[in-house]
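The values are calculated or read from the model by the stated rules, or taken from the named source; none is laboratory data. All values reported here derive from a predicted model rather than from experimental measurement. Please note: Cβ atoms are built from the backbone with ideal geometry, for glycine as well, and neighbour counts cover all protein chains shown. Protein only, heavy atoms only, side chains kept; ligands, DNA and RNA dropped before computing areas. Shrake-Rupley method; radii C 1.70, N 1.55, O 1.52, S 1.80 Å.
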Amino acid sequence: MIRFVGAGPGAADLITVRGQRVIETSPVCLYAGSLVPAELLDRCPPGARIVDTANLNLGQILAEMTRAHEQGLDVARLHSGDPSVFSAMAEQMRRLDAAGVPYEVVPGVPAFAAAAASLRRELTVPGVAQTIILTRTSERATPMPPGEDLTTLGRSRATMVLHLAVQRIEPVTAELAGSYGSDCPVAVIAYASRADEVIIRGTLGDISDMVRAAGVKRTAVIIVGRVLTAAQFPDSHLYSVARAR
């Protein structure tokens, strides 16, 4: 059985119990390079085949998985964060389906959740924002589908989380300022949950200079929205006195 495992955002203990058990019992482990904490690999069983896929192409990765399956060996395929978001898992599953190879998915803690925890913020605050947009930019990646450009998405002024975009911080903030306003709060979190985590707070008007000064160029998420500084907002109905009656 092939099991796609969300390895979490970086801290080795931010993995599910199920994910850890898969790693501990799989004689073959494929992991996404430096994005997966090395401490997790220490949990592989003795003698396990451990393969860094950072420099492998899709065909080579599939060959490793199908070979293990043919040998009757379980495979832990580790992806950073949660594999449902920007993991390239879908194209691997499509080929496994074609080859008749069974697989399962074990969810993990996504990077945006770890970033919000580090900021100590709820991203859905009553009366401020109840929607989160998870997106990216098309620089050095596949083009964005029609209607998913930042200008279009930004018109909602929902809380927005951008992955794989910190290298384009200047055009990103300039494009979003038209909808959110240059004074809209922004946070850039690099290496969320790790020992070398970096948190930069600012606005769409000044965050670019701060990010460049800090030298942050990769492995970061950008969170945009008024929820980052909201202090005055109504309590939710979840624990209201009226609801309890």
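Worth a mention:
- Angle in degrees between helix 58-70 and the longest Cα principal axis of the chain, rounded to the nearest 10: 50
- Using Cβ point charges alone (K and R +1, D and E -1), the dipole size of the stretch 87-166 about the Cα centre works out to roughly 240 debye.
- Accessible area, probe 1.4 Å, largest first, for residues Leu78, Leu238, Leu58: Leu238, Leu58, Leu78
- Placing R0 at 35 angstrom, the Cβ-Cβ distance between Thr229 and Arg67 gives a FRET efficiency of 0.10 after rounding to 0.05.
- Total formal charge among the other residues, if their Cβ is under 13 angstrom from that of Tyr191, Lys/Arg +1 and Asp/Glu -1: +1
- Under the convention that each Lys and Arg Cβ holds +1 and each Asp and Glu Cβ holds -1, the size of the dipole of the stretch 29-154 around its Cα centre is about 120 debye.
- Gained length - His237 relative to Arg201, 0.36 nm times residue gap less alpha-carbon distance: 10.0 nm
- Net charge dipole size for the chain [Lys, Arg +1 and Asp, Glu -1 on Cβ; Debye, nearest 20]: 360
- If the convex hull is drawn through the Cα atoms of the stretch 115-197, its volume per residue in Å³: 108
- Nearest 10 degrees, 0 to 90: helix 169-180 Cα axis against the chain principal axis: 50
- Total formal charge among the other residues, if their Cβ is under 11 angstrom from that of Ile23, Lys/Arg +1 and Asp/Glu -1: +1
- Averaged per residue, the chain has 52 square angstrom of accessible surface, using a 1.4 angstrom probe with ligands and nucleic acids left out.
- Note on the chain: Rg/Rh from Cα positions, Kirkwood definition for Rh, rounded to two decimals, is 1.02.
- Note on the chain: antiparallel DSSP beta bridges, both residues inside, total approximately 45 percent of the bridges counted.
- In the chain, the DSSP-assigned H stretches of four residues or longer account for a calculated mean residue ellipticity at 222 nm of -8500 deg cm²/dmol, using -39500 (n - 2.57) per stretch and the full residue count as denominator.
- Residue among Leu73, Leu35, Leu162 with the largest mean-square fluctuation in a Gaussian network model of the chain, springs linking Cα atoms under 10 Å: Leu73
- Top of Gly225, Gly147, Gly108 by mean-square fluctuation, Gaussian network on the chain, Cα under 10 Å: Gly147
- Other residues within the sphere of radius under 10 Å centred on the Cβ of Ala12, judged by their own Cβ, net out at -1 (K and R +1, D and E -1).
- Cα-based equivalent ellipsoid of the stretch 168-245: semi-axis lengths in Å, sorted from largest, via gyration tensor: 31, 17, 9
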